[in-house]
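A quick write-up on the structure given underneath.
The values are calculated or read from the model by the stated rules, or taken from the named source; none is laboratory data. Quantities reported herein were computed from a predicted structural model and do not represent experimental measurements. All Cβ positions, even for glycine, are placed from backbone atoms using ideal geometry, and neighbour counts span all protein chains on display. All accessible areas refer to the heavy atoms of the entire protein, side chains included, with ligands and DNA or RNA removed. Shrake-Rupley method; radii C 1.70, N 1.55, O 1.52, S 1.80 Å.
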Amino acid sequence: MHQQADIVIVGSGIGGATLAAALAPSGRRILILERGDHLRPSAHDRDAEAIFAKGHYRPDEQWLDGAGKPFNPGNYYYVGGNSKFYGAVLLRYRAEDFSPLRHIGGTTPGWPIRYNDLEPYYGKAEQLYAVRGQTGCDPTEPAHSTDYSFGPVPDEPAISDLRRRLSAVGLHPASLPLGVDLDRWLSRASTPWDAYPNTSGGKLDAETGGLAAALAHDNVSLRTNSRVSRVLVGPEGRVTGVALASGQVISAGVVVLAAGAVQSAALLLASADEAHPTGLANSSDQVGRNFMNHNSSAILALHPFRTNPSVYQKTLMVNDFYLTGGPGGEPLGNIQLLGKISGPILRASSALPAVLANWIAKRSVDLYAVSEDLPDPDSRVSLKNGQIVLDWKRSNQDTHRALVRKIKRLLRKAGYPVVVSRPFDRRTPSHQCGTARMGNDPATSVTDSFGRSHDHANLFVMDASILPTSGAVNPALTIAALAIRAAEHIAQTDFAA
């Protein structure tokens, strides 16, 4: 069977879903291909033991690390992609992230666009994902031409107390911008949303936000359980469509890869042919390179005689050290709250006995420290006999250690005598990006600033792959803003010419 579409989008995560939503009013026939299926409500979706200890939703998949050792990656293959499990934090990159920044571990290369180029699209993305937030409290907050449509998700009492304590030690805690319908989330069960699958619609993720808006148009369709095996290219270098693992071919005037930083790069590499022996869009030899995945740690602050009965907790952030704080004034990163840690979650990530894990969880406030991972061409995705190899060269770790030390010291000063930390490992999909980075020079980048391949005029990449730098905040809103900007460009372009 042969199928045709004007635009084929591979992947239904934040990039693909938002692009489809923004393109839908154009009237073009848009087909979204998702290798997974819909997440359905089940007994597992609010069960911490099933999610964190048993890995019920993790893929049956093995990648290789840089030493050739297999590991089970933290990617999810469902309609909505990894956003089905995300913490729903929809933060703008800071304006300074778009220019070169000197870090302890090196200097970032900057972007081919500036914050002001993306700012209007940030506002549109915030509206699409019904972001709840508040401006004016964060000293690093960039300029907004539009305000949030909804006020912030409220702090629980223990978090209000934390906010007061952080302010008392000179910090500037601010409300996290969140895509969460709190009442709807809690109506299913009283749990956090961070890392829990969204089966009830309580989170505004790629499926409930962008995809729902796109599929309201008759010209947009979604096919699940449709794994793309390669992108097809004609003799003149124009992309002609995609081939599915089932053998079906789908023709399209425009192909957009939005499968995520690892899978989009892997698909470009797997699509090598005689004319493109190193993969598609890869004349620069940059496809798969510059992989970044935030340096991040969990930090638990507790007082033995003070409990934290919070249910969801994740409403607060601190950016006092986002642009400064290092020994020479270098940026350190972002601090935000995690979803409330429970005994089963703590046991799943440690060797603690149940009694001790439950005791700690009942008394802890749980934070997430995020520092920038710098681009490195040797940090890369490649293929070995068709299997994904992810050789992540971690960078800028002195920055992250400095951030963790600083916030631990301040938490103790704020009244939490016991503060412990633990870094996240490679199994956690902590904001993978950078494998098909955008740029103005085709010799050093894979796409232009609209995600359009330098090598193939009708091939786009629209996910975290194109980010030139990782910043130190959650990338979802930036991906969505880039997708809306790219949709405007695609709608105005005649690809038949």
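Taken as a whole, segment 200-215 holds no residue that is more than 24 Å from Leu477 (Cα to Cα) and among the charged types (D, E, K, R). Within segment 247-264, residues that are under 29 Å from Gly74 (Cα atoms) have Cβ atoms under 6 Å from residues that are in a loop (DSSP other than H, G, I, E, B) and open to solvent by 20 Å² or more (accessible area, probe 1.4 Å) in these pairs: Gln248/Met1, counting only partners at least 6 apart in sequence or on another chain.
Going through segment 275-292 one residue at a time, which ones are of a type in the set (Gly, Ala, Ser) and either under 17 Å from Leu257 (Cβ atoms) or free of Cβ contacts under 8 Å to residues at least 40 places away in the same chain (or both)? Scanning segment 275-292 gives Gly279, Ala281, Ser283, Ser284, Gly288. Checking each residue in segment 12-33 for being farther than 30 Å from Pro344 by Cα and of a type in the set (A, V, I, L, M, F, W, C) picks out Ala17, Leu19, Ala20, Ala21, Ala22, Leu23, Ala24, Ile30, Leu31, Ile32, Leu33. Scan segment 266-275 residue by residue and report those that are more than 23 Å from the chain's Cα centre (by Cα) and either open to solvent by 40 Å² or more (accessible area, probe 1.4 Å) or among the hydrophobic types (A, V, I, L, M, F, W, C) (or both). Matches in segment 266-275: Ala270, Ala272, Asp273, Glu274, Ala275. Phe460 passes every criterion in (1) farther than 18 Å from Pro112 by Cα; (2) in contact (Cβ under 8 Å) with a residue 40 or more places away in the chain apart from (1). Screening Arg188 with (1) of a type outside the set (A, V, I, L, M); (2) more than 29 Å from Thr146 (Cα to Cα); (3) within 20 Å of the chain's Cα centre (by Cα); (4) surrounded by fewer than 21 Cβ atoms within 10 Å (Cβ to Cβ) gives one miss only, at (3). Apart from one condition, Pro59 fits all of (1) in contact (Cβ under 8 Å) with a residue 40 or more places away in the chain; (2) open to solvent by less than 50 Å² (accessible area, probe 1.4 Å); (3) within 30 Å of Thr191 (Cβ to Cβ); the exception is (1).
Within segment 34-77, the set of residues being farther than 23 Å from Ser349 by Cβ and outside any loop (DSSP other than H, G, I, E, B) comprises Asp37, Leu64.
Is there a residue in segment 398-421 that is buried (at least 24 other Cβ atoms within 10 Å of the Cβ) and more than 27 Å from Lys340 (Cβ to Cβ)? Among the residues of segment 398-421, at least one is buried (at least 24 other Cβ atoms within 10 Å of the Cβ) and more than 27 Å from Lys340 (Cβ to Cβ), which makes the answer yes.
The lone criterion from (1) exposed (fewer than 13 other Cβ atoms within 10 Å of the Cβ); (2) under 23 Å from Asp205 (Cβ atoms) left unmet by Val153 is number (1). Among residues of segment 221-236 that are in contact (Cβ under 8 Å) with a residue 24 or more places away in the chain, those with a Cβ under 6 angstrom from a residue that is part of a loop (DSSP other than H, G, I, E, B) and open to solvent by 50 Å² or more (accessible area, probe 1.4 Å), sequence gap 6+ or separate chain, pair up as Arg227/Arg35; Arg227/Ala245; Ser229/Ala245.
State whether one or more residues within segment 128-138 are open to solvent by 40 Å² or more (accessible area, probe 1.4 Å), under 29 Å from Leu215 (Cβ atoms) and over 14 Å from the mean Cα position of the chain (by Cα).
yes
Listed by first and then second residue, the pairs linking a residue in segment 404-417 that is closer than 16 Å to Ser364 by Cβ and part of a helix (DSSP H, G or I) to a residue that is at pLDDT 95 or above and of a type in the set (Lys, Arg), with Cβ atoms under 9 Å apart and 6 or more places separating them unless they lie on different chains, are Leu411/Arg165.
For segment 35-55, name all the residues that are open to solvent by 30 Å² or more (accessible area, probe 1.4 Å) and either farther than 30 Å from Ala243 by Cα or in contact with a Gly (Cβ under 9 Å, 6 or more places away or on another chain) (or both).
Correct list: Arg35, His38, Pro41, Ser42, Ala43, His44, Arg46, Asp47, Glu49, Phe52, Ala53, Lys54.
In the set (1) part of a loop (DSSP other than H, G, I, E, B); (2) more than 30 Å from Ala48 (Cα to Cα); (3) modelled with pLDDT of 95 or more, the condition left unmet by Pro120 is number (1).
Is there a residue being open to solvent by 10 Å² or more (accessible area, probe 1.4 Å), part of a loop (DSSP other than H, G, I, E, B), at pLDDT below 95 and more than 25 Å from Ala457 (Cβ to Cβ) anywhere in segment 208-227? Checking segment 208-227: not a single residue is open to solvent by 10 Å² or more (accessible area, probe 1.4 Å), part of a loop (DSSP other than H, G, I, E, B), at pLDDT below 95 and more than 25 Å from Ala457 (Cβ to Cβ). Among the residues of segment 153-181, those identified as out of contact with any strand residue (DSSP E or B) (no Cβ under 8 Å at 6 or more places or on another chain) and assigned to a helix (DSSP H, G or I) are Pro157, Ser160, Asp161, Arg164, Arg165, Ser167, Ala168. Of the residues that sit in segment 441-483 and are of a type in the set (Asp, Glu) and surrounded by fewer than 24 Cβ atoms within 10 Å (Cβ to Cβ), which one is nearest to Asn334 (Cα to Cα)? Result: Asp448. Can you tell me which residues in segment 148-171 are under 25 Å from the mean Cα position of the chain (by Cα) and either at pLDDT below 95 or within 21 Å of Gly325 (Cα to Cα) (or both)? If the condition is that a residue be under 25 Å from the mean Cα position of the chain (by Cα) and either at pLDDT below 95 or within 21 Å of Gly325 (Cα to Cα) (or both), then Ser149 is the only one that fits.
Among the residues of segment 209-239, those identified as of a type in the set (S, T, N, Q) and touching an Asp or Glu at 6+ places or on another chain (Cβ under 7 Å) are Thr224, Asn225, Ser226. Can you find even one residue in segment 91-100 that is crowded, with 22+ Cβ neighbours inside 10 Å, of a type outside the set (Ser, Thr, Tyr), modelled with pLDDT of 95 or more and not in a helix (DSSP H, G or I)? Looking for residues that are crowded, with 22+ Cβ neighbours inside 10 Å, of a type outside the set (Ser, Thr, Tyr), modelled with pLDDT of 95 or more and not in a helix (DSSP H, G or I), one finds at least one in segment 91-100, hence yes. In segment 126-137, the residues that are in a loop (DSSP other than H, G, I, E, B) reach residues that are buried (at least 23 other Cβ atoms within 10 Å of the Cβ) and not small (Gly, Ala, Ser) with C-beta atoms within less than 6 angstrom, at least six apart or across chains, in these pairs: Tyr129/Leu90; Tyr129/Leu204; Ala130/Leu204; Val131/Leu90; Val131/Pro177; Gly133/Pro177.
From the list Arg485, Arg437, the lone residue that is within 20 Å of Thr108 (Cβ to Cβ) and among the basic types (Lys, Arg) is Arg437.
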